[in-house]
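The values are calculated or read from the model by the stated rules, or taken from the named source; none is laboratory data. Since the structure is predicted, the reported quantities are computational estimates derived from the model, not experimental observations. We place every Cβ from the backbone using ideal geometry, glycine too, and count neighbours over all the protein chains shown. Calculation scope for accessible area: heavy atoms of the full protein, side chains included, ligands and nucleic acids excluded. Shrake-Rupley method; radii C 1.70, N 1.55, O 1.52, S 1.80 Å.
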Amino acid sequence: MKATSSPPVVYVVDDDELVRRSLQRLFLSAGHDAFTFSSAESYLQQVLPTRPACLVLDLQMPGLNGFALQDELTARGSHEGIVFISGHGDVPACARALKKGAVDFLMKPFGDDRLLASVEEALAYSERTLKQALSRQGVQELLATLTPREMEVLRGVIAGYLNKQIAADLGTSEKTIKVHRGRVMEKLEVHSVAELVRMCAMIGLEPGSAGAGREEAVST
């Protein structure tokens, strides 16, 4: 996944051709790129560019229905903001869609203004999600430059241990830990432990144990 300057896009997945054409005209007139698909399967088969996207998704369709497509996109880690549209939905269906991350659930018929407002909300959600994903990818790429020993030192640092504690845990000298720590900061392009902690929290990296360091701290 790479950052893109492409404008946001709206995808319509609905088995009704008249609905697809009508919604595409609406979104184009509102200034959005808009593309349509007649089924969930055809949407999943496409290799789509990485850009903020709203998926206007019909609930009831032959083959995979809207819920099945939503589940598959969630499993893939996709970033589209989903707006469900349905003429057969009910309160439980709406609740399920929203609980699983949909931005909105609109019952047919609905007004153009209401749909466009929901689409704008979904595009904003998608842009935030995409930025977060790209940030996590960037962190993972930086972490991949660390040696195994530098990773051990990093885990000790974000756990809050002193250089001497990390050194005792890893069976090396405090001077060596200082060197590794400096390299970690340089490679990860940060200037403080607080930045390190935030960076590692972003991808769920767990702190190290520094067991020997804890024992030393307790004994002193």
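Taking E121 as the residue in question, decide whether it is among the acidic types (D, E) and within 29 Å of K187 (Cβ to Cβ).
no
Can you list the helices (runs of 4 or more DSSP H) found entirely within segment 1-88 that contain at least 2 residues being within 16 Å of A102 (Cβ to Cβ) and open to solvent by less than 40 Å² (accessible area, probe 1.4 Å)?
Helices (runs of 4 or more DSSP H) meeting the threshold: 40-45, 66-76.
Given the conditions (1) hydrophobic (A, V, I, L, M, F, W, C); (2) at pLDDT below 90; (3) closer than 28 Å to R76 by Cβ, report the number of the one that A210 does not fulfil.
All conditions pass for A210, except number (3).
Among the residues of segment 27-64, count how many are among the hydroxyl-bearing types (S, T, Y), under 21 Å from the mean Cα position of the chain (by Cα) and at pLDDT 95 or above.
Adding up the residues that qualify gives 1.
Consider S135 carefully, then state whether it is surrounded by 15 or more Cβ atoms within 10 Å (Cβ to Cβ) and of a type outside the set (K, R). Quick ask: steps written out before the conclusion?
Working: surrounded by 15 or more Cβ atoms within 10 Å (Cβ to Cβ): no; of a type outside the set (K, R): yes.
Taking the combined requirement at face value, the residue does not satisfy it.
Just to verify a result, which residue in segment 119-146, among those that are of a type in the set (S, T, N, Q) and out of contact with any Lys or Arg (no Cβ under 7 Å at 6 or more places or on another chain), is modelled with the lowest pLDDT?
Residues of segment 119-146 that are of a type in the set (S, T, N, Q), as a first pass: 126, 129, 132, 135, 137, 140, 145.
Next, only the ones that are out of contact with any Lys or Arg (no Cβ under 7 Å at 6 or more places or on another chain) stay: 126, 129, 132, 135, 137, 140.
Details: S126: 94, T129: 87, Q132: 81, S135: 85, Q137: 85, Q140: 89.
It comes out as Q132.
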